[in-house]
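Everything on this sheet refers to the single structure shown next.
Here, each number is a calculation from the coordinates, and none is a lab measurement. Predicted model, so just to flag it, every value in this text is computed and none were measured. Here Cβ is always computed from backbone atoms with ideal geometry, including for glycine, and neighbour counts include all displayed protein chains.
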């Protein structure tokens, strides 16, 4: 007995042609759009050096210092700025007060910080090997904008309508010592 062929199975093969025209049109529009918008997008980058993540260092492996280093540091606290180096700490009005206290309104004085750092830089040029480096430490509850403004104040200062470079190599410390 002969069975009739199934309707589900087609003995004829149909060739389906893919229409790529809409995809090509999309690419023609998207590629120039992406290329032109790439010019207008600018990414703001803050140049800084983070502390290295290393384990303990043996005393035998510790490098010997042959050059005199300034090791200048700014510590940001709720009271104001403490400026210190490997040689001394810049004292404020009293023994435990910050080098640059907050203003009466409770704002940090970034202009005075830049001025003090300019004075330090003038005295340190030629005497120390690391006159372009500074370390910034901050208490955990310090606002991020204060930290960024402090980094900006440590990088350059404007005196008599002239810009002077202070400490372009800014590093962040892991925490307040």
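Among 140-150, 163-173, 14-24, what's the highest-first ranking by average C-beta atoms within 10 angstrom per residue?
Numbers: 140-150: 12.5, 163-173: 15.5, 14-24: 7.1.
Top to bottom by mean Cβ count within 10 Å: 163-173, 140-150, 14-24.
Could you work out the relative contact order of segment 73-172, using alpha carbon pairs under 8 angstrom and six or more residues apart, expressed as a whole percent? Could you put the intermediate results ahead of the total?
Numbers: 144 pairs, mean separation 27.0, N = 100.
That works out to 27 percent.
Once the piece of chain linking residue 129 and residue 158 is laid out straight, how much longer is it, given 0.36 nm per residue of separation minus the C-alpha distance between them? Please list the in-between numbers first.
On the way: separation 29, 0.36 × 29 = 10.44 nm, distance 2.42 nm.
8.0 nm is the gain from fully extending residue 129 to residue 158.
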What nm value, rounded to one decimal, do you get for the distance between residue 143 and residue 77 when each label is placed 7 Å out toward the C-beta? 2.0 nm
Label-point separation (nm) for residue 89 and residue 18, each offset 7 Å from Cα along Cα-to-Cβ? 7.2 nm
Percent antiparallel among DSSP beta bridges confined to segment 73-172, nearest 5, equals 60 percent
I'd like the distance separating the alpha-carbon centroids of segment 109-139 and segment 92-108, in whole Å. 18 Å
Grab the beta carbon distance between residue 174 and residue 122, set R0 = 22 Å, and tell me the FRET efficiency rounded to 0.05. 0.15
For segment 73-172, place one equal point scatterer on every Cα, skip the solvent, and apply the Debye formula. What is log10 of I(q)/I(0) at q = 0.12, 0.16 Å⁻¹? -0.36, -0.65
